[in-house]
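The values are calculated or read from the model by the stated rules, or taken from the named source; none is laboratory data. Keep in mind that what you see is a predicted model, and the values were worked out from it rather than measured. Positions of Cβ are generated from backbone atoms using ideal geometry, with glycine treated the same way; all protein chains shown enter the neighbour counts.
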Amino acid sequence: MIECRPVSFLLLIACFCFTACSSPPYQKSEVQGLIARDTFVQVLTEVHLIEGVKKQRLMRNDEQGLIVLQHYVELFERFDISEDRFKTTYRWWYQHPEEMDGLLEEVGERLADLEREATATN
């Protein structure tokens, strides 16, 4: 019986080590205090629009930085989020590439819908 205790003890230690080293189970982003997925899709859609305007140089160059910054400030205020919370949420999604693919598909669909709406009104 004495010989079994060290083996049992070692097995118990090994179980704790494997449990401690394993990755945590998938947790929804909302649980971690991040921006809710639906809201983040809306925010990221608008971020793509802001960045698209910036890349197409549709603003005067001397005012571009200030105007882009103003758009981000307005966006974050409208959704009641901070820049840090946006970046933290973005990093979380970036670290979960399979989930990020689905999220970006949804953003792409929203952008396509906006384009169709703009085309239909013209």
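When Phe86 is tested against (1) modelled with pLDDT under 95; (2) within 12 Å of the chain's Cα centre (by Cα); (3) of a type outside the set (S, T, N, Q), just one condition goes unmet, and that condition is (1). Could we say that Leu69 is touching a Ser or Thr at 6+ places or on another chain (Cβ under 8 Å) and under 14 Å from Glu46 (Cα atoms) here? Considered against the rule, which asks whether it is touching a Ser or Thr at 6+ places or on another chain (Cβ under 8 Å) and under 14 Å from Glu46 (Cα atoms), Leu69 comes out as no.
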